[in-house]
Amino acid sequence: MRTSVQPGTLPAVRRRRLGAALAVATTLSVSPLAVGAASAAPPPATSPTAPDLGVNVTVFDPSMPVSEIQAELDATFAAQRDDEMGTERYAYLFRPGTYGIDAQPLQIKVGYYTEVTGLGDSPSDVVINGKVESYNRCLDGGGTTNCIALNNFWRTVSNLTIDVNATGQDGCRQSANFWAVSQAVSLRRVDVTGGTLSLMDYCTAGPHYASGGFIADSRAGAVVNGSQQQWLTRNSTVGSWSNGVWNQVFSGVVGAPSEEAFPTPPYTTLDTTPLSREKPYLFLDDAGRWNVRVPAAQQASRGTSWGAGLTPGRTLPLTDFLVATPSTPVQQIDNHLARGGHLLLTPGVYDVARSIDVKRPGTVVLGIGHATLTAVGGAVPLTIADVPGVVVAGVTIDAGTVESPALLQVGNPNGNGGRSDAADPTTLSDVYFRVGGPHVGKVDTALVVDSDDVLIDHTWVWRADHGVEPGFTQGVNGDTDRWRTNTGRVGAEINGDRVTATGLFVEHFQTHNTIWNGERGTTVLYQNELPYDPPSQADWQQPDGTLGWAGYKVADDVQQHRLYGGGVYGYQRNAGPGITTESGFEVPTTPGVRLHHVTTVHLDGLGVIRHVVNDVGDQVDGSRPGTPAYVVDHPAA
């Protein structure tokens, strides 16, 4: 039975662990499903300009029958709908044109590890007449009582227009394109026309909870945020925005709501984005040649990059890229990069036993279909030298079973001999990190940034709070087991100066989740959830006796730092009487370190966060689970 609710009326809770009954893949090998061949359209598939992107990439042409395209996408969605911890990866690329007709719209459902991307040089070049959607995922087997979006991770839609057409769908879905997602999901360079964009699936059975998310360089009319606990919209245009739970941040967004009434509603609005660079994208030029557009960095930017024409930046022919697969040796990759080439990682899981080393300025590493690098033998899967202009985008990096010192190292750990350029920052776009989940993971610090002038544009750094690791027992002792075996000390450590993060999501690490040591850093939306699984207070206590670790720590000697819109959430399981954390945010008390609109909330009846920032802000605990405490400005204005 379908239940219709008013968006934004439901209380918010966090992700729940998946039951053991979920059938998920645990193999580390890549065994793609048999998918249809890429369509043939000018230039023909035999043309030397048409690259071989592997069996997990399908290129559609508008001349293909809608029914054929629909059947292939439906088959992949059926396989990927619940495959949260699996190893399959897919990219669906659409040549310029219109897909779907009024009587037969193309209804795309996007599952795990799936990318849907247009190949035009503007979002208007590829039009989906229909929908591109993500619905609640039902975890109870019957699909009627526990349907949420809290675990809807790892999916991408970009560089196309969605002309909303719900022909054939039930009445509840007629007017909206549903995009009910949580972390590690991006909507970039998307133009939604003809209907509402709803970030909450209020048509599927509930409880409808969601924990997203990220939109950039996009345009939409009415947007329903609904039950989304936090969200960053950057450099976009919206007609209207309704609802919000805790942290709703708008940066450089035309039509953004005012923040004057914060925290009711909980909106944080920056007129311009301090530093931005849009994600690189594949496109076909007028001659049918394949290229990668690498957008230029912008300062104090506002609105979309494509509204006035081609996105400013540089165009690289795909022939400059090594098109890699999981079987490509790292030595071959490094040799290509050392000669000044670039790297395209096609969908799959790459076992990396020695670092992929990016040493030259201006190098581009672009992953499609959620290409995943997995550390083997304690390796650091990806390193970037102290050079400007490197862009890494669309890559997931997993910890392996042997502890790695880091999963991504940006810059020289010794801080010697580095070069940087504020006008051309090294940039990480949609780079995600995972410690545990499909297998045991171990890392000291997942993301280490030692270079100056780095831009982190949307990341999720996740020590897994649920998964299918061998030996992990879901249930009473599951969290205790995980604390000892699925280990990650720090999520992100920022040592460089003038580092900017737009959309920094870091969760569940075993000490400070984020440590910021560099000067003049800026964060626009920070989301953190403290670990679920400390077995006792003694396991969640600093050597000096301080109870717990702050989710966001700015070093005591930092003189200048800015944070806009931050949330630290608590949720403990199986921890006896509960775990206490002294403060969500810990920063030096100095005029140059300023936090604007920060929040703490506790979601169970056990744990306690005593203060929001340092010793300021109300306690959140079991007496009011789910009710946040806010600090508007620190230091107080």
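The values are calculated or read from the model by the stated rules, or taken from the named source; none is laboratory data. Remember, predicted model here, so these are calculated numbers, not experimental data. Because the Cβ atoms are built from the backbone with ideal geometry, glycine has one as well, and the counts that use them run over all protein chains shown.
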Q: Could you tell me whether any residue of the stretch 510-518 is hydrophobic (A, V, I, L, M, F, W, C) and farther than 24 Å from Val435 by Cα?
A: no
**Q.** Conditions (1) outside any loop (DSSP other than H, G, I, E, B); (2) at pLDDT below 50; (3) not charged (D, E, K, R); number of the one not met by Thr98
**A.** (2)
Q.
Restricting to the stretch 530-556, name every residue that is of a type in the set (A, V, I, L, M, F, W, C) and either surrounded by 13 or more Cβ atoms within 10 Å (Cβ to Cβ) or touching a Ser or Thr at 6+ places or on another chain (Cβ under 6 Å) (or both).
A. Leu530, Trp540, Leu547, Trp549, Ala550, Val554, Ala555
(Q) Only one of Pro11, Pro7, Pro32, Pro51 is in a loop (DSSP other than H, G, I, E, B), at pLDDT 50 or above, within 28 Å of the chain's Cα centre (by Cα) and outside the structural domain of Leu199 (by TED's automatic domain parsing). Can you tell me which? (A) Pro51
Q) Taking the stretch 350-371, which residues are more than 15 Å from Pro329 (Cα to Cα) and of a type outside the set (A, V, I, L, M)? A) Lys359, Arg360, Pro361, Gly362, Thr363, Gly367, Gly369, His370
Q. Has the stretch 276-290 got any residue that is closer than 23 Å to Thr500 by Cβ, in contact with a Ser or Thr (Cβ under 9 Å, 6 or more places away or on another chain) and aliphatic (A, V, I, L, M)?
A. no
Q) In the stretch 416-436, what residues are under 19 Å from Gly394 (Cβ atoms) and assigned to a loop (DSSP other than H, G, I, E, B)? A) Pro425
Q | Subset of the stretch 204-221 (residues that are within 13 Å of Thr237 (Cα to Cα) and either within 20 Å of the chain's Cα centre (by Cα) or buried (at least 24 other Cβ atoms within 10 Å of the Cβ) (or both)) | A | Ile215, Ala216, Asp217, Ser218, Arg219, Ala220
Q: Of the conditions (1) in contact (Cβ under 8 Å) with a residue 24 or more places away in the chain; (2) of a type outside the set (Lys, Arg); (3) closer than 25 Å to Gln230 by Cα, Asp170 clears all except one; give me its number.
A: (3)
Q) What residue, among those in the stretch 353-376 that are free of Cβ contacts under 8 Å to residues at least 40 places away in the same chain and in a strand (DSSP E or B), is surrounded by the fewest Cβ atoms within 10 Å (Cβ to Cβ)? A) Asp357
**Q.** Enumerated strands (runs of 3 or more DSSP E) restricted to the stretch 459-563, each holding at least 2 residues that are among the polar types (S, T, N, Q)
**A.** 500-507, 521-529
Q: Identify all residues within the stretch 245-285 that are surrounded by 20 or more Cβ atoms within 10 Å (Cβ to Cβ) and among the polar types (S, T, N, Q); write none if there are none.
A: Asn247, Gln248, Ser251, Thr268, Thr269, Thr273, Ser276
**Q.** When residues of the stretch 245-276 are limited to those that are of a type in the set (Ser, Thr, Tyr) and not in a strand (DSSP E or B), the one nearest to Gly221 (Cα to Cα)
**A.** Ser258
Q: Would you kindly identify the strands (runs of 3 or more DSSP E) lying entirely within the stretch 566-636 that contain at least 3 residues that are more than 18 Å from Gln248 (Cβ to Cβ) and either hydroxyl-bearing (Ser, Thr, Tyr) or in contact with a Leu (Cβ under 6 Å, 6 or more places away or on another chain) (or both)?
A: 580-586
Q. Picking from Val181, Val192, Val164, Val110, which residue would you name as being closer than 22 Å to Ser242 by Cβ and either in the same structural domain as Gly503 (by TED's automatic domain parsing) or in contact (Cβ under 8 Å) with a residue 40 or more places away in the chain (or both)?
A. Val181
Q | Unique residue being surrounded by 19 or more Cβ atoms within 10 Å (Cβ to Cβ), in the same structural domain as Tyr552 (by TED's automatic domain parsing), farther than 16 Å from Val245 by Cα and not hydroxyl-bearing (Ser, Thr, Tyr) when the list is Gly592, Gly617 | A | Gly617
Q: Name every residue in the stretch 277-297 that is part of a strand (DSSP E or B) and under 24 Å from Arg562 (Cβ atoms), in order of residue number.
A: Pro295
Q) in contact with a helix residue (DSSP H, G or I) (Cβ under 7 Å, 6 or more places away or on another chain), touching a residue at least 12 places away in the same chain (Cβ under 8 Å) and surrounded by 21 or more Cβ atoms within 10 Å (Cβ to Cβ) - does that describe any residue in the stretch 114-125? A) yes
Q. So, of the residues in the stretch 232-244 that are in a strand (DSSP E or B) and over 19 Å from the mean Cα position of the chain (by Cα), which turns out to be surrounded by the most Cβ atoms within 10 Å (Cβ to Cβ)?
A. Trp241
Q. Are any of the residues in the stretch 63-72 surrounded by fewer than 24 Cβ atoms within 10 Å (Cβ to Cβ) and in a strand (DSSP E or B)?
A. no
Q. Condition test on Thr328, is it over 19 Å from Val431 (Cα atoms) and crowded, with 17+ Cβ neighbours inside 10 Å?
A. yes
Q: Give the stretch 217-231 a look and list any residue that's assigned to a strand (DSSP E or B) and either within 19 Å of Ser158 (Cα to Cα) or aliphatic (A, V, I, L, M) (or both), or say none.
A: Arg219, Ala220, Gly221, Ala222, Val223, Val224, Trp231
Q) Are there any pairs, at least 6 apart or on different chains, whose C-beta atoms fall under 9 Å, with the first in the stretch 421-443 and more than 20 Å from Val391 (Cα to Cα) and the second modelled with pLDDT under 95 and aromatic (Phe, Trp, Tyr), and if so, which? A) Gly436/Phe472; Val440/Phe472
Q.
For the stretch 388-411, give me the residue count where each residue is assigned to a loop (DSSP other than H, G, I, E, B) and without any contact (Cβ under 8 Å) to a residue 40 or more places away in the chain.
A. 2
Q) What residue, of Asp163, Asp201, is of a type in the set (Asp, Glu), surrounded by 24 or more Cβ atoms within 10 Å (Cβ to Cβ) and either at pLDDT 95 or above or part of a loop (DSSP other than H, G, I, E, B) (or both)? A) Asp201
